[in-house]
Amino acid sequence: MSRNSTSLSARQRQSQRLMREKAARKKREVFLHKAMLAAGCFLAVTLLAGGGWAWKSGALMRHVNATIAGAYALTVKAGFSVQSLYLEGRDRTPLSEIEKALGVKKGDPILALSLSDMRQRLQAIESVKFAAVERALPGALYVRIVEREPVALWQHEGVITPVDDNGTAMNGIAVAPGRRLPLIIGDDAPKHVGDLLQLLALEPDLTQRFAAAAWVGDRRWNIRLHSPIGVVEVKLPEEGPAEAWKKLAELQARRRLLDRDVKVIDMRLEGRMFIRLAPEGGKATGARET
């Protein structure tokens, strides 16, 4: 003789709850499938019956739009609508710009959203380097952004703008107080900021004296370094700037060149270095380095 127990263990109750949730999801999926199938059939009938008249009159597109809207309305009734939005990675990007780029509000049909379009609009924001948008049915959106990190300040036409390591200007973005970034000057200076940073990293002792860098003639850098008398302008060559930079570091270590009354160091010619003294130091002099 068998006996049925009227009490259920916690594990049994959890199992039953999971089964009910699974059944509910299955019903929603079936409903969604039927709704989309019905919409597709209606659209097909419209296309076959309406023919050229519907296309020419614009009635076809109205039917199509109405059909699509109706289908998405059914998906909302089935529970597929935006209810939650999770954002990750935002630091300096204004929240208002992100909301505008997403263009979504609570209750919108989640299946109607174009994730690729949303991603492109997010990446059009100047401070955003990368964006990803994912759906988690039935009602959640997950948005992750990677913001551009300013590595230099670009002085152009009287305005100073942060730029990232790809040379992208970050208009309207404030740099954290107290953070010192290299100052670059020149119309196309941002395009070459990566090369400049690599150059500066080669000789840390010289980089400690860095004041600014000007991109000249769309081909080379003039670097300004602090010295006891003010600023020394170093004119680097178009070809082999790293070798010239290393040579300058060696001369500074051996002869303390930057600690003298020097105004300009011209290294544009291979194997030669021309030095111009500060006004109180006398006339310009030239020196040949081998």
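Using modelled amide H (1.01 Å from N, peptide plane; none on Pro or chain starts), what sits under 5 Å from the amide H of residue 152, excluding residues fewer than 5 places away?
Sorted by chain and number, the residues that satisfy this are 163.
Convert each backbone phi in region 243-257 into a coupling constant with the Karplus relation 6.51 cos²θ - 1.76 cosθ + 1.60 (shift: θ = phi - 60°), then list the ³J(HN,Hα) values in order as whole Hz, x for Gly and Pro.
Computed from phi, the couplings for region 243-257 are 5, 5, 5, 5, 4, 5, 5, 5, 5, 5, 5, 8, 10, 6, 4 Hz.
Just the Cα atoms of region 152-288, one point each, no solvent: what log10 I(q)/I(0) does Debye give at q = 0.09, 0.11, 0.13 Å⁻¹?
Evaluating at q = 0.09, 0.11, 0.13 Å⁻¹ gives log10 I(q)/I(0) of -0.28, -0.41, -0.57.
What size of dipole, in debye to the nearest 20, comes out for region 84-147 about its Cα centre when the only charges are +1 on Lys and Arg C-beta atoms and -1 on Asp and Glu C-beta atoms?
Values: 10 positive and 9 negative charges, 17 e Å.
Computed charge dipole of region 84-147: roughly 80 debye.
Once amide H atoms are placed 1.01 Å from N in the peptide plane, what residues at a sequence separation of 5 or more from residue 130, or on another chain, have their amide H within under 5 Å of its amide H?
It is 146, by chain and number.
Based on DSSP, what percent of beta bridges with both residues in region 75-151 are antiparallel, to the nearest 5?
Around 65 percent of the beta bridges assigned by DSSP in region 75-151 are antiparallel ones.
Can you give the local net charge around residue 130? Use residues other than it whose beta-carbon is closer than 10 angstrom to its beta-carbon, Lys and Arg +1, Asp and Glu -1.
On the way: positive: 119, 129, 144, 148; negative: 147.
The answer is +3.
Give me a comma-separated list of calculated 3J(HN,Hα) values for region 91-101, in order, Karplus coefficients 6.51, -1.76, 1.60 applied at θ = phi - 60°, integers in Hz, x for any Gly or Pro.
10, 9, 6, x, 4, 4, 5, 5, 4, 5, 5
Per residue of region 195-212, in order, report the coupling 6.51 cos²θ - 1.76 cosθ + 1.60 (Karplus, θ = phi - 60°) as ³J(HN,Hα) in whole Hz, putting x for Gly and Pro.
Listing the rounded values in order: 5, 5, 5, 5, 5, 5, 5, 5, 9, x, 5, 6, 4, 4, 8, 4, 10, 5 Hz.
What net charge is computed for the residues neighbouring residue 149, neighbours being all others with C-beta under 14 Å from the C-beta of residue 149, Lys and Arg scored +1, Asp and Glu -1?
0
What residues have an amide H closer than 5 Å to that of residue 210, excluding those fewer than 5 places away on the same chain, when H is modeled at 1.01 Å from N in the peptide plane?
226
Values in this text are rule-based calculations from the coordinates and carry no lab data. These numbers come from a predicted model, not from an experiment. Heads up, the Cβs are rebuilt from the backbone with ideal geometry, glycines too, and the neighbour counts pull from every protein chain shown.
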